[in-house]
Amino acid sequence: MNKLGIFMNFWEKNWDADHSRYIKKAAKIGFDVLEFQAQPLLDMTDEKLKSLKSLADEVGIELTYSLGLDPAYDVSSPDEKIRLGGVDYLKRIVEQIGKMDGKLLSGVSYAGWGTPPYVLDDKRPLLENSLKSMREIIKTAEDNGVVYCVEAVNRFEGCLINTAQEAIAYADEVGSKNIGILLDTYHMNIEENSIGDAIRLVGNRLTSFHTGENNRTAPGRGHLNWDEIFGALAEIGYKNRIVCEPFVMQGGEVGRDIHVFRDLIADTSEESIDREAAYIIEFEKSMMQKYGM
Ligand code: MN
């Protein structure tokens, strides 16, 4: 059965937090995977990394990591100083993940998070810069046994990879067994003509999968067609992780960066979010069962 995961910022309004608390919580609720932003790993000592990893092992949680890359480290930048700084920064993040025996990094991991604030008639030069950077970074990923996933995100969060087709083309151009592809239902709902077709297009190259509604509430709460989504995952024989990435509370760094300007859940108490997390497992398991996953 596919491993089911949850993104830490379902609960936390800031990107950094007490990771050990959420490792325990995710396990207690019944998840197999906890995902969080990778940047805070750079501020952790090796002892801290090891203690988080051993706690995760103890409670049966796999840790996976995501990035909304700080534009100060934009590896697609035409400014060579910024680009090279970004390459170094991302290599260091991959090394930290490697120290924890981590297997997966995803997100807006190939360019600064956001879109250029100027007229962009042709994104190819930015894409070329990103690819040049990634061919360097991927060597560190190979050395550390980390699969470096590119995530196709919607047009408001990035310009280089908006669709499954663009993710495949990018991965092909990097040409490494350690480059992966992540699809996310929230982003696909905006960019793809058909979510089912996008999943089938990536097929057995799909490394990881994010779930979230059209408005980033928990699956089943909005208007996405989950039969189409799980039907397509079953059709491609998808066996990898399914990590839910809902953002339902306004405020904090997360509210600012994800653009959550109202609460999307009636009760924002921790107990209520815990109950919603348990519902996510129940919903996703029932859909997997329905489609024989
Ligand atoms: Mn995502």
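The values are calculated or read from the model by the stated rules, or taken from the named source; none is laboratory data. Every value quoted in this text rests on a predicted model; they were computed, and no experiment measured them. All Cβ positions, even for glycine, are placed from backbone atoms using ideal geometry, and neighbour counts span all protein chains on display. The area values use the complete protein model at the heavy-atom level, side chains included, leaving out ligands, DNA and RNA. Shrake-Rupley method; radii C 1.70, N 1.55, O 1.52, S 1.80 Å.
What the Kirkwood sum gives for the range 1-126 is a hydrodynamic radius of 15.7 Å, with every pair of different alpha carbons counted. Given the options GLU191, GLU35, GLU213, state which has the largest fluctuation in a GNM of the chain using a 10 Å cut-off (strictly under) for Cα springs. Sorting by GNM fluctuation, first place goes to GLU191. Selection among TRP113, THR268, THR64 by position relative to the dipole of the chain gives THR64 as farthest towards the positive end (Cβ unit charges, Cα centre).
Hey, could you get me the Stokes-Einstein D for the range 60-180, Kirkwood radius over alpha-carbon pairs, 4 °C and 1.567 mPa s, rounded to whole µm² s⁻¹? Please list the in-between numbers first.
Values: Rh = 14.2 Å.
Taking Rh from Cα pairs, D becomes 91 µm²/s.
At R0 = 35 Å, how high is the FRET efficiency between ALA17 and GLN165 if r is their beta carbon distance? Nearest 0.05 is fine.
0.50
What FRET efficiency comes out for the pair THR115/ALA266, r = Cβ-Cβ distance, R0 = 30 Å, nearest 0.05?
Details: r = 33 Å, r/R0 = 1.09.
The computed FRET efficiency comes out at 0.35.
Just the number please: accessible area per residue for the chain, 1.4 Å probe, all protein chains included, in Å².
Normalised by residue count, the accessible surface of the chain is 42 Å².
Radius of gyration over Kirkwood radius for the range 4-290, both on Cα atoms: the Rg/Rh ratio is 0.94. Averaging the Cα positions of each part gives two centres, and for the range 143-190 and the range 232-293 these lie 20 Å apart.
At an R0 of 41 angstrom, the distance between the Cβ atoms of ASP274 and SER194 translates into a FRET efficiency of 0.75.
For the range 56-146, which chymotrypsin sites (Phe, Trp or Tyr not before Pro) are in a loop by DSSP, counting at most 13 other Cβ atoms within 10 Å? Can you show the working numbers first?
Details: sites: TYR65, TYR73, TYR89, TYR110, TRP113, TYR118; in loops: TYR110, TRP113, TYR118.
Hits after loop and neighbour filter: TYR118.
Express in nm, to one decimal, how much length is gained between GLU228 and LYS177 on full extension, taking 0.36 nm for each residue of separation and deducting their alpha carbon distance. Display every interim value, and only then the final one.
Working: separation 51, 0.36 × 51 = 18.36 nm, distance 2.89 nm.
Net length gain for the segment: 15.5 nm.
MET293 contributes an accessible area of around 50 Å² to the protein surface, as traced by a 1.4 Å probe with all chains present.
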